[in-house]
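What follows is a set of notes on a single structure, which appears directly below.
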Amino acid sequence: MAEYRIEFLKTAKKELAKLLEKGFKLLIKYKLLLMMPFEKCLVCGGELIEKKVTKLLRGGVNIASISVTAEVCLSCGERLYSQETVRHFAALRAKLKRGETQEFQLLGQSFEIV
Ligand SMILES: [Zn+2]
């Protein structure tokens with residue numbers, strides 16, 4: 001009976017390990033699918049959390065404010081943006097530079113303090 005139990009436990013352990021490995025592989029796949037390349041802060045190695053942040057974009061003399069999701073470091077405050085967001089920023093900066101601001105909502109005037 002005791003031997004049977006040990007054998008059973010050994011099998012159960014193996015099965016559990018297999019399941020865990022499967023789950024782990026799935027988790028990695030899922031993370032890759034979500035395109036989350038950052039595990040830790042690239043600057044200080046701190047913990048990252050997903051957060052809505054306001055980013056100021058400048059193109060030529062025009063400035064626009066946009067609310068986006070970023071990975072924010074809990075230690076140093078560094079913001080990490082996904083590749084998709086970075087591409088979006090570049091497209092918006094180009095529009096601002098060309099003065100194509102018709103689709104943006106006007107907030108007010110911007111000033112440079114010299
Ligand atoms: Zn950091």
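Things worth noting here:
- Whichever residue in the range 64-79 is surrounded by 13 or more Cβ atoms within 10 Å (Cβ to Cβ) and among the β-branched types (Val, Ile, Thr) and, among such residues, is farthest from the ligand (Cβ to nearest atom): Ile66
- Filtered by the rule that a residue be closer than 30 Å to Gly99 by Cβ and either touching a strand residue (DSSP E or B) at 6+ places or on another chain (Cβ under 8 Å) or surrounded by 11 or more Cβ atoms within 10 Å (Cβ to Cβ) (or both), the range 43-63 gives Lys52, Val53, Thr54, Lys55, Leu56, Leu57, Arg58, Gly59, Gly60, Asn62, Ile63.
- If the condition is being surrounded by 13 or more Cβ atoms within 10 Å (Cβ to Cβ) and outside any helix (DSSP H, G or I), then the range 80-102 contributes Leu80, Tyr81, Ser82, Glu100, Thr101.
Here's the yes/no breakdown for (1) in a helix (DSSP H, G or I); (2) in contact with a Gly (Cβ under 9 Å, 6 or more places away or on another chain); (3) at pLDDT below 70:
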{"position": "Ile6", "(1), (2), (3)": "yes, no, yes"}
{"position": "Leu9", "(1), (2), (3)": "yes, no, no"}
{"position": "Leu16", "(1), (2), (3)": "yes, no, no"}
{"position": "Glu21", "(1), (2), (3)": "yes, no, no"}
{"position": "Leu26", "(1), (2), (3)": "yes, no, yes"}
{"position": "Tyr30", "(1), (2), (3)": "yes, no, yes"}
{"position": "Leu42", "(1), (2), (3)": "no, no, no"}
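The values are calculated or read from the model by the stated rules, or taken from the named source; none is laboratory data. This is a predicted model, so every value here is computed, not measured. Because the Cβ atoms are built from the backbone with ideal geometry, glycine has one as well, and the counts that use them run over all protein chains shown.
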